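The values are calculated or read from the model by the stated rules, or taken from the named source; none is laboratory data. Because the structure is a prediction, the values reported are computed rather than measured. All Cβ positions, even for glycine, are placed from backbone atoms using ideal geometry, and neighbour counts span all protein chains on display. Surface areas here come from the heavy atoms of the whole protein model, side chains and all, with no ligands, DNA or RNA. Shrake-Rupley method; radii C 1.70, N 1.55, O 1.52, S 1.80 Å.
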Amino acid sequence: MPAGAELSDRIDHALRRFDFRAATGALCAVVDAGNRLIEAERPWEAGLTAHSTLATLVGTCRALAAELEPFLPGGARRLREQLA
């Protein structure tokens, strides 16, 4: 699941080409990967091993909040507030 610098690089590359569809597609791909991770790991059933999965998801959500700012500033702000 690309997040952090890798996600930022993908979005920056797309925006340099003025390809907004690719930039938002990169964001959607990360959200989809997060959803697949939740479905596969089922952290509500995993007990102690859920901590790693949840940490990954929270880190990914933080990266998404940062990268969403130019597209959905209000949504990015609300996501950051929820993660605080």
How are the C-alpha pair distances of the chain spread across 5 Å bins, as whole percents from the shortest bin up? 3, 15, 22, 23, 18, 10, 5, 2, 1
Please tell me the relative contact order of the chain in percent, rounded to the nearest whole number, where contacts are Cα pairs under 8 Å and at least six residues apart. 27
With θ taken as phi - 60° and the coefficients 6.51, -1.76 and 1.60, list the Karplus ³J(HN,Hα) couplings across the stretch 17-27 in order, rounded to whole Hz; mark glycine and proline as x. 8, 6, 9, 5, 5, 5, 5, 6, x, 5, 5
For the chain, with every protein chain kept in place, what is the accessible area per residue (1.4 Å probe, Å²)? 67
Mean projection of the alpha-carbon convex hull of the stretch 40-84 over all orientations, in nm²? 3.5
Carbon + sulfur, % of accessible area of the chain - ligands and nucleic acids excluded, 1.4 Å: 58
Going 7 Å from the Cα of ASP9 along its beta-carbon direction, which residues of the stretch 25-50 have the amide nitrogen within less than 17 Å of the resulting point? 26-27, 30
